[in-house]
Amino acid sequence: MRAFLMPRILSACLLAALPLGAFADWPMHRGNPQLNGFSTMSAVDAPKEEWSFSAGKPVKGGAAIGGGRVFVGDDAGVVHALELDSGREQWSFKTEGPVEATPLLLGGLVLVGSGDGKLYALESATGAKRWEYVTGDKIMGGANTAKSPDGKADWIFVGSYDAQLHCVDAATGKEVWTLGTDNYINGTPALLPGGELIFGGCDAQLRIVSTATGKQVREIEAEAYVASSVAVAADGGAYVGHYGNLVLGLDVKEAKVAWRYRDRNFPYVSSAAVAGERVFIGGGDKRLHCIERTTGRGIWQFATRGKVDGSPVVCDQTVLVGSADGRLYGVAVADGQERWAADLGAPVSASPAVSDGWIIVGTEDGVVHGLRQPLKKP
């Protein structure tokens, strides 16, 4: 596999700015509330598969990792809690619809939406249901979280196919506020600086909302359906791809599109990752694209043999990305060259989750794979 390089000088300082919220664990969709898909974990060397767990039905959503456990859903509507070191199932919880949403881990709870239209709060230790919150239609995207304005409560934010963004109190499962839109919401709302959220949907709008009030404060016309989540950089820059075959760089404060990146005429279902001055995103053209964050100019492309609908994760100097060709790739941040490829035997539409040397990813044959980076010798 080879990278397609643009004829330009590459910066030697690739990761000058550490993105917000680079967690050791992976407690939610894209790893942190800014949804930037960044981890300080190294993934330079080819990982070894240490275990696999058969869920029995396709695993299309990403996993969350915390407290020595992996939490992931499947198309049968089952949420699985697995031991991180062995892949052994600790508990499971059955919902009434497929679970494609990445769970959110918060305060001893696993918060996860289902295709049955409910947001569930499960005890992370046992899987016992603490509460459920009912929306008007299916939930496909993961939840996000922020503190209430007085700092006393944890609030949960989740979109639904009922065309509403819901804010729910994490302790009680009670509604705090809802915001109506004009069509389905697929992705996870991303946290912006200053107590705001940004998200898109099938109404082709990118909405900026106050976490405190649930009121829309600004709006950006995306010009096409947005099926993914917006990624937010440390300085508040935001990036998203859509069904109009474009990746957008957003000026959130001015509520406008700062740049548009177009390559081939294929849609972007993948959510972007952000590291330093680069944006990484998978495309329906079977490629991983690396884009200059400030200008929208292409830097390199990495070709796979299948669609790249899953979202990439940046592990220090390596980008992890799955493909419909059945492989998980490790690609060099600097030049887009393949560092390694792991053949998982079935299409990968889920995004990888990473923690403490582990790479966890599900495949469409219903298997969750636990891969481990080689342990460094002291």
- Item | Relative contact order, percent, the range 3-372 [alpha-carbon distance under 8 Å, six or more residues apart] | 18 percent
- Task: Could you point to the residue in 168, 336, 92 farthest towards the positive end of the chain's charge dipole, with +1 and -1 charges on the Cβ of Lys/Arg and Asp/Glu respectively?
- Result: 336
- Relative contact order of the range 267-330: what whole-number percent is it, with Cα pairs under 8 angstrom and at least 6 residues apart? 28 percent
- Could the peptides 293-302, 94-103 be put in order, highest first, of the mean number of other beta-carbon atoms found within 10 Å of their residues? 94-103, 293-302
- Calculate, in nm to one decimal, what residue 334 and residue 85 gain on full extension: separation in residues at 0.36 nm each, minus their alpha carbon distance. 86.5 nm
- Query: Which of the GluC sites (Glu not before Pro) across the range 238-335 are loop residues per DSSP, with 15 or fewer other Cβ within 10 Å?
  - Reply: 254
- Task: Assign one of three labels to the chain, namely rounded, prolate or oblate, based on the Cα gyration tensor with a ≥ b ≥ c the square roots of its eigenvalues; rounded applies when a/c is under 1.5, prolate when it is not and a/b is larger than b/c, and oblate otherwise.
- Result: oblate
- Message: Among 162, 45, 203, which one shows the highest mean-square fluctuation when the chain is modelled as a Gaussian network with alpha-carbon springs under 10 Å?
- Response: 45
- What order do you get for 150, 251, 325 when you list them from fewest to most C-beta neighbours inside 10 Å? 150, 251, 325
- Got a sec? Charge dipole of the range 233-378, +1 on Cβ for Lys and Arg, -1 for Asp and Glu; which of 369, 357, 322 is way out at the positive end? 322
- Roughly how big is the chain's charge dipole about its Cα centre, with Cβ charges of +1 (Lys, Arg) and -1 (Asp, Glu), in debye to the nearest 20? 680 debye
- Item | Options 245, 106, 144, ranked by Cα towards positive dipole end of the chain, top entry (Cβ charges) | 245
- Message: Once you place label points 7 Å from the Cα toward the Cβ at residue 172 and residue 218, how far apart are they in nm?
- Response: 3.3 nm
- Message: Test of the criteria: in the range 175-247, which trypsin sites (Lys or Arg not before Pro) are in a DSSP loop and have at most 15 other Cβ atoms within 10 angstrom of their Cβ?
- Response: 215
- Using unit Cβ charges (K, R positive; D, E negative) and no other charged atoms, how large, in debye to the nearest 20, is the dipole of the range 332-378 about its Cα centre? 340 debye
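No value in this document is a laboratory result; all are computed from the given coordinates. What you see is a predicted model, and the numbers here were worked out from it, not measured in a lab. Quick reminder, even Gly has a Cβ in these numbers, built from the backbone with ideal geometry, and neighbours come from all protein chains shown.
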